[in-house]
Every structure is written in C-alpha cells, then in structure tokens.
1. State all residues of segment A:16-30 that are in contact (Cβ under 8 Å) with a residue 12 or more places away in the chain and among the hydrophobic types (A, V, I, L, M, F, W, C); if no residue qualifies, say none.
2. Taking segment A:62-81 as the search range and keeping residues that are of a type in the set (Val, Ile, Thr) and either open to solvent by less than 70 Å² (accessible area, probe 1.4 Å) or part of a loop (DSSP other than H, G, I, E, B) (or both), which one is nearest to A:LEU10 (Cα to Cα)?
3. What pairs come out if I take residues in segment A:31-44 that are in contact (Cβ under 8 Å) with a residue 24 or more places away in the chain and facing another protein chain (nearest Cβ under 7 Å) and pair them with residues that are part of a strand (DSSP E or B) and open to solvent by 80 Å² or more (accessible area, probe 1.4 Å) whose C-beta lies under 9 Å away, six or more apart or interchain?
4. Kindly indicate which of A:VAL6, A:VAL37, A:VAL22, A:VAL59 is open to solvent by less than 40 Å² (accessible area, probe 1.4 Å), in contact with a Cys (Cβ under 7 Å, 6 or more places away or on another chain), closer than 26 Å to B:ASP16 by Cβ and not acidic (Asp, Glu).
5. Anything in segment A:45-56 that is more than 7 Å from chain B (Cβ to nearest Cβ) and open to solvent by 60 Å² or more (accessible area, probe 1.4 Å)? List them, or say none.
Protein chains: 2
Amino acid sequence: MPQVKVIVTLKPSLLDAQGRVVQDALHSMGYHGVEQVRIGKYMEMQLNSEGTASLDDQVREMCDRLLSNPVIENYTYEVVL
Amino acid sequence: MPQVKVIVTLKPSLLDAQGRVVQDALHSMGYHGVEQVRIGKYMEMQLNSEGTASLDDQVREMCDRLLSNPVIENYTYEVVL
C-alpha cells in the first residue's frame, strides 16, 4: 500500500512566531549558532488507491482541501510505493 | 550555512489522536482509501556551526533536549550543506 509523506510549511514571507520562540529557547540553552527556525507539520498516510483519480491528484486535492491552508501555507509530498 | 531539517513523530506504539481525527475528516470528505494518518512536527533550521561539537552532535543534542520528547517521540534529521 503506498505511503504518502506530506510536509506543510508556512509561506516564507510570513513570520513564524512558533519558530521564533523555539529559536529563542535554543539561544537561551546555549545554541547561539541557530540562525532561523521555521516550524511546519508532517503527515504520514497509508493510501489504498481506488477510483479513477490518480494517487497524485488525490493527494494534491486532500492537501488543498484539508491538510493545508493554501492562503498561508505551502506543501510538498513524497509517495513511497 | 548548513540547513537542518528535523522530523519528529510519535512512537509507532502510541495512539495518534490528532491523526485519527484527520483520518475521520478525510473519510467524511469521501477519501475512503486513507488507511492510517500519523501526524508529526517538521522543523527547518539554519545552523552556523561553531565551537567544538560536530554539527551532528549538536543537532542530536538539541533534539533530545528541546525539539522532541524522547519518551514518546522519535526524530530523524537531514543536513543540507
């Protein structure tokens, strides 16, 4: 059964407040070399491909409709057969 | 400057409630082929390597101390030079 790995990230032009907090925390722990942190979501799915739509079409549709917010987020995915 | 990409996932033996909710949502939207969804965190960092510790050691230490909870989570990372 194909496995799909999806990574959703905030668009680069947007401030990542959560990443900023993590960066500050790392600095305060002594990791001063950390320059930028950006945080996203990672999703792993097992997909039983069915119906007429191709696996790619199906994954893209799911990302656009539910898994990401296309206004503020980008996504990439990888299919492991 | 090296970029580090970290993926933190819940250990496989643990129930992923958030993933379960996403799976149910996908089913209710008509994607019945989705068998299992597991959700994790994705982090991208720019690292100015400094000091004596190697980049790998530094990343592993940051993951163990802050970025993941080793009791319930696993992590993988990739360094892009």
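The values are calculated or read from the model by the stated rules, or taken from the named source; none is laboratory data. Nothing here was measured: the structure is a model prediction, and the numbers come from that model. Cβ placement follows ideal geometry from the backbone for every residue including glycine, while neighbour counts extend to all protein chains displayed. For the accessible areas, the whole protein counts, side chains as well, though only heavy atoms, and no ligand, DNA or RNA atoms are used. Shrake-Rupley method; radii C 1.70, N 1.55, O 1.52, S 1.80 Å.
1. A:VAL22 - this is the single residue of segment A:16-30 that is in contact (Cβ under 8 Å) with a residue 12 or more places away in the chain and among the hydrophobic types (A, V, I, L, M, F, W, C).
2. Narrowing segment A:62-81 to residues of a type in the set (Val, Ile, Thr): A:71-72, A:76, A:79-80.
From the residues that got through so far, the ones that are either open to solvent by less than 70 Å² (accessible area, probe 1.4 Å) or part of a loop (DSSP other than H, G, I, E, B) (or both) too are A:71-72, A:79-80.
Working: A:VAL71: 10, A:ILE72: 6, A:VAL79: 21, A:VAL80: 24 Å.
Filtering first and then ranking leaves A:ILE72.
3. A:GLU44/B:GLN36
4. A:VAL6
5. Correct list: A:GLY51, A:THR52, A:ASP56.
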